[in-house]
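Derivation of every value follows stated rules applied to the coordinates shown; laboratory data play no part. Just so you know, these numbers come straight off a predicted model, no measurement behind them. Here Cβ is always computed from backbone atoms with ideal geometry, including for glycine, and neighbour counts include all displayed protein chains.
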Amino acid sequence: MASRRDFLRVSAFGIGGMFVAAAGLKLQASISDLNERSDKLYLNLIKTPTYCEVCFWKCAGWVYKTDEGEIWKIVGNEIDQHCNGRFCPRGTGGVGMYHDEARLKTPLIRTGERGEQKFRKASWEEALDMVAKNLQNIADKHGPETIALLSHGSGGKYFTNLIKALGSDSSAAPSFSQCKGPREIAFLNTFGEEVLSPERTDIRDTRCMVLIGAHIGENMHNGQVQEMSDAIDKGASIITVDPRFSVVAGKSKFWLPVKPATDIALLLAWIHVIIYENQYDAGYVEKYTYGFDYLKQHVKNFTPEWAYGITTIKPGTIRETAREMANASPAVIIHPGRHVTWYGDDTQRLRAVAILNALLGSWGRRGGFYQPESMPVPSAPHPPYPKPRKTWRDALNGKFNMTELPLASEFVEASLPDSDRDLQYKAWIVNGTNLIFTLPDQQKTIDALKNLEFVAVVDTMPMEITAWADVILPECTYLERYDSIRNSPHRLPSIAVRIPAVDPKYDTRSAWWMAREIGLRMGLDDYFPFETQEEELDWQLKELGTSLEEMTRKGVKNFERSWDDLYIAKGQEMEFFTNTGKIELYSTSMAAAGFDPLPVYTKHELPPAGFYRLNYGRAPMHTFSRTSNNPNLTDLMAENTLWVNPKISKIEGIENDQYVWLENSKGIISTFPIKVRVTERIRWDSVYMVHGFGHQNKMLERCFGKGASDTELMSIVHKDPVMGGTGMRGNFVRIHIEKPQEELS
Amino acid sequence: MRYAMAIDTKKCVGCSDCVVACQTENHVPIGYCRDWVVEVMDGTYPQLEMEIRSERCNQCGNAPCVRCCPTGASHFEEGGLVLVTADKCIGCGACIQSCPYDARYSHPDGHVDKCTFCNHRVEVGGKPACVEACPTKCMYFGDLDDPGSDVSKVLKTRKSKTLIPEAGTEPYLYFLI
Amino acid sequence: MREEIIISGRMNPNIDPYLHIWHWQIPLYLFLGGLAAGILFFSAYNHVTGKEEKYRAASYISTLIVPLLLVFGLFSLFLDLKHKMYFWRLYTTIKLESPMSWGAWVLMLVTPLSFILAAINLKKVFPGWKWKYPLMQTLDDFFENYRRTIAWILVVAAPILGIYTGILFSAFNARPLWNTSILGPLFLVSGLSTGAAVNILFSKDHAERLAFTRIDLVLIGIELFLITHMFMGFMASTQVQIDSAKLFLGGPYTAQFWVLVVMLGLVIPAFLEILELKKFKIPAIVPAGLVLMGGLILRFILTNAGQMSRWLY
């Protein structure tokens, strides 16, 4: 019998076979030969490989130029597993990032107070000298560990290398504590592994997918959207739990309009039904899991009838949907979502999700969760990093022990004037993350920024955060630079490269170059052994058995898996990376750390009279606030709107397209008004807006003052005691037709 | 030969990639578009239904724009494509008035512009840029006269509709419902 | 609640949020065209029926302004064109299905004739008229011989021009408000009525004025009938036409249409004209001016409202 490995080899061959067949059939050409044909069509055009930087999905694609050498279009690389030759609107619109005339053009040095946005142009020499000098001073005065890096995107690696070489390990990305952290910690403590990015969900082969607050399609996580579409084609059923009628709710067999903040009750009731109706995968549970009896006892009273009173979802529907999942088992996915920092008990909610998956045997099974593999890419040889005298954990003062990664929001706490943290930060390097719009409780971020001794911001665009910098280093866009090898985990291990399609516009440079230049100025030459990134990449690629030359031609290279273990084989012995070596339905680590080892439902605060829960989400054409000024993407969506149920519009006396101001329960008023969209798609106890609008930086000509910022209204933060994630969905707003006068007090 | 497109409203998520892909492929100026996405909501919370449609020129069989054009700039081409020859167009706007789908617009260069089904790609055996970009693969393109084409096959197995056929335009943009 | 929205941010200039590709140029062009057609028709009709000396203003004086009207009208049309340098393309094809095309060709026929008619009428209006260049005199003499032929052509071509101004609109099936065959006759009658008004204005002969007042009264009556008929037709038609009629029956165009067009442009001048016929002294400028204004506003409103009316899907 052919092993699965052979199967993969066969299917890899199959792609080539399709290619040959397509050549004969002019009209029925398959996608795989599109680029071949495009080459015939545009013979004189040069295509350069890249992987997208507009979001974290990092799809690999090709950049095409016009005869004049101008960037023309970006299309997907057909062999890339992230995108299968198809980019999303943001990736396709990535050209706008290059063309945006509001880009940061030269290094800038602050002349006014922080936040005043007064800068003067500077040379690279001067700006880099200044950064190096300030970092050195702070390292000498307070110790290098007081330098923190906050980043999101490719540049993070280079600056992490820089601060580690200096003696700091405080490198955080808001994508953990403000986004997927609880999910990773919950899955780690259940399956011994994280969900990772791209998520290991085997959506294309699933028969039933459950989405809890996840709005695939509105979040344009390319591979997932594609696979969801495939699954719809194959007749998979989708169950969507969302108080808002999301796009995917419109494509679901079941839409459960759950009362906000009650998801855990629903999950527990599902677990109850699946256990007490004997719908779980008994063999799998028996063989691979730990703590089933505890769980069974734990959920005994969490009946659908109990959950009905909390969630408003009818018991019959809860049972019917539970059976729907069980019928599809193991090809079922209770999707862990991505942005899951909602109410502060998020790790527990995601534990419930993990448990449900474990009961249905979907972890490691076709149509459930596959086991991804990535290519190990060697890093440039350098001496060992100095051991930091204090680590990022010292900035937590013993809290959030179960987190595996540094927490951006806690960096803020440890940078405040009255901070009592054992490690306090004195300098920030910020790269590619607009912290003002990323972290809740804006005032705290601003207080921290005011208190820091030095702030350097590296970005391609002027953003709210750049206003707080002492030095702004303008980064060229991803279309104008090399970057490190993409080696994200997937079904097949693969690598992708980013080759500059054009020279950097304006006086901009790559983050790689900046980090190295700063390092050289601080005597850290040994940590930056290569003079150019091109050399570094070529060395790395040769170590991987290819070369920069080959990768420039191909863009992406998929390798064979080292073991035939995409799915758990039938009866296979498995050791999971948990304390018990099993899938922990009952989490021993959480029990040891003093947390509930089995998830419980806790009641959350409801909006007070006259207030609505502020719900927020994504639009497929924007990535947070970073794309708001992109000319191609503002063309698709220039501002966000406030979704209001028709009943509420009547009560509030507001109409479609009217602009209103919002005030949260702490009295914070939105800087800009937001346009009303009266729609049935939202519950009467909530309002909804897309995150990332309401920009306050006037340099963002296209998006300044367009729409409202959800972040500035998030004054209440429910921190997850387990891992420090910032729950942001417990904020309530009321609607003002006229701009309210701020009280002078 | 009769080119047509079918769009699966059950798969389309309204991401608007088709719009950007068209914009970059065809150098459509910023602020203009040849295709667009419509969301239709019906019902009362929580009994709701949604339809999302990526729309563009319907490449009508009985195209009022071709009929109304005083110079012959708007014309039929092989495969039933309705195209505009820019240097025959005087920019009078009659075709824009005649289109019940509002699929045409006045290009800043003066002539009228619209979706061409990416004729320049189709001519060499390719597919329109929107079809090839769509992350949900919800668009099917091909020759209706060829029973083996993507569009023929999908129209055979799925229920579909066209937009305002009662306007008498014989549209060739199908929506799978 | 039903919601139907474009979610990809489409904002094509002059198309979104509602169609407004034709501004003032087209209604002005249609008004001037209709007016010219009215004047030319009366002049040609008088010539054909041998009453040119009886109604001198209508037969001779008014025609002098027609070339100006048509030139202004065509210039206005030219201003509407967005690809102006390709204007000549209009005259490289004849497309019978396109009202724009045959309008262009009808004008190609009527405009030169209007110049000739005006030229040979100069001596009738200004008895001492002498051409500066002998060639012009020769041409004048030549065309004078064909005065009746020209009249015969115009008696057919002028109504075609008048109807064309309406058919230009009614050919657009996509705009339900325009998509009615009443629009051709309505614009023709309105053109004739404005033509009659000009004749009243220019005439110094009481009998001629009374004659055209009577004609105008009849024309206004027909117009009111056609308008009523048009709305009856809409209301008895499909939803899109019912909706387009509602633009005038409670919708945004209600006040402007019923006050400016129907009352001030038709009913009041008709009333004044009746008084005139009943031997009351009414300054000619008042009813005639109102009729002209009404005709102009009618076209403006129909242009704007028509673009607002659309199919639902």
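Quick notes on this one:
- FRET efficiency, A:Lys287 to A:Lys698 (Cβ-Cβ, R0 51 Å, nearest 0.05): 0.25
- Gain on full stretching of the segment that runs from B:Asp145 to B:Asp87 - 0.36 nm per residue minus C-alpha separation: 17.7 nm
- Database remark: amide H of A:Ile499 closer than 5 angstrom to the amide H of A:Thr50, A:Tyr51 (H placed geometrically; neighbours at sequence offset of 5 or more, or on other chains; Pro and chain starts carry no H).
- Inter-probe distance in nm under a simple model that places probes 7 Å from Cα toward Cβ, at A:Glu738 and A:Ala380: 6.1
- Under the simplified labelling scheme, the A:Glu277-A:Arg389 pair shows an inter-label distance of 6.2 nm, with each label point 7 Å from Cα along Cα→Cβ.
- Helix-only CD estimate at 222 nm, as mean residue ellipticity for chain A, using -39500 (n - 2.57) per DSSP H run (n ≥ 4): -8500 deg cm²/dmol
- The range A:391-420-the range A:216-264 distance, computed between alpha-carbon centres (Å): 35
- A:Trp72 long-range amide H proximity, modeled H, under 5 Å: A:Tyr64, A:Lys65, A:Thr66
- Cα centre as origin, Lys/Arg/Asp/Glu Cβ charges: the range A:383-516 dipole, Debye: 600
- Difference of contour (0.36 nm per residue) and Cα-Cα distance, A:Glu68 to A:Lys570: 174.9 nm
- Taken as Cα centroids, the range A:594-670 and the range A:114-138 sit 37 Å apart, rounded to the nearest whole angstrom.
- With N as its number of residues, the protein assembly as shown has a Cα radius of gyration that, divided by 2.2 N^0.38 Å, comes to 1.10.
- Candidates C:Phe75, C:Gly306, C:Gly295 compared by Cα position along the dipole of chain C: farthest toward the positive end lies C:Phe75, with charges placed on Cβ.
- Computed from backbone phi, the HN-Hα couplings of the range A:57-63 come to 6, 6, 5, 8, x, 10, 9 Hz, rounded to whole numbers (Karplus: 6.51 cos²θ - 1.76 cosθ + 1.60, θ = phi - 60°; Gly and Pro given as x).
- Close Lys-Lys pairs in the range A:191-371, where close means Cα under 21 Å and separation is 8 or more or interchain: 8
- Candidate lysines - alpha carbon under 28 Å from C:Lys281, same-chain residues fewer than 8 apart omitted: C:Lys51, C:Lys54, C:Lys204
- Amide H to amide H, with H built 1.01 Å from N, B:Glu55 comes under 5 Å of B:Trp36, B:Val37, B:Val38, counting only residues 5 or more places away or on other chains.
- Protection proxy ranking of A:594-603, C:186-195, A:360-369, by the mean of other Cβ atoms within 10 Å over each peptide's residues and highest first, is C:186-195, A:360-369, A:594-603.
- The range A:612-736: radius of gyration and largest Cα-Cα distance (Dmax), Å: 14.5, 43
- Cβ-defined net charge surrounding A:Ser488, 12 Å radius [Lys, Arg +1; Asp, Glu -1]: +1
- Residue-count net charge about A:Lys300 - beta-carbon cut-off 14 Å; Lys, Arg +1, Asp, Glu -1: -2
- Reciprocal mean inverse distance between Cα atoms of the range C:129-255 - Kirkwood radius, Å: 17.5
- Counting Cβ atoms of other protein chains within 10 Å of each Cβ in A:82-88 and taking the mean gives 4.
- Computed magnitude of the charge dipole of the range C:25-308 (debye, nearest 20; Cβ of K, R +1, Cβ of D, E -1): 360
- Paramagnetic reach from C:Glu4 (point 7 Å along Cα→Cβ, amide N under 11 Å) across the range B:21-48: B:39-41
- Reachable lysines from C:Lys132, criterion Cα separation under 26 angstrom, eight or more residues apart if same chain: C:Lys123, C:Lys124
- Modelled this way, with points 7 Å down the Cα-to-C-beta line, the labels at C:Phe225 and C:Thr49 are 1.7 nm from one another.
- Note on A:Lys65: aspartates and glutamates with a C-alpha under 14 Å away, same-chain residues under 8 apart excluded, are A:Asp39, A:Glu480, A:Asp503, B:Glu25.
- Local charge for A:Arg86 was computed over the other residues whose Cβ lies under 11 Å away, with Lys and Arg +1 and Asp and Glu -1, and equals -3.
- Protection-proxy order for peptides A:662-669, A:345-352, each taking the mean of Cβ atoms within 10 Å per residue, highest first: A:345-352, A:662-669
- With θ taken as phi - 60° and the Karplus curve 6.51 cos²θ - 1.76 cosθ + 1.60 applied, the whole-hertz 3J(HN,Hα) list for the range B:86-93 is 4, 8, 10, 7, 9, x, 6, x Hz, x standing for glycine and proline.
- Per principal axis, descending, Cα span of chain B in whole Å: 50, 38, 33
- Separation of alpha-carbon centers, the range C:63-78 and the range C:82-131, rounded to whole Å: 9
- Per principal axis, descending, Cα span of chain C in whole Å: 74, 52, 25
- Scanning chain A for long hydrophobic helices, with DSSP H runs required to stretch 27 angstrom or more by C-alpha along their axis and to average at least -1.0 on the Kyte-Doolittle scale, returns A:4-24.
- For the range C:65-78, the Karplus equation 6.51 cos²θ - 1.76 cosθ + 1.60, evaluated at θ = phi - 60°, returns couplings of 8, 4, x, 4, 4, 5, 5, 4, x, 5, 5, 4, 4, 4 Hz by residue, with Gly and Pro reported as x.
- Gyration tensor verdict on the range A:191-371 (Cα atoms; rounded if a/c is under 1.5, prolate if a/b is larger than b/c, oblate otherwise): rounded
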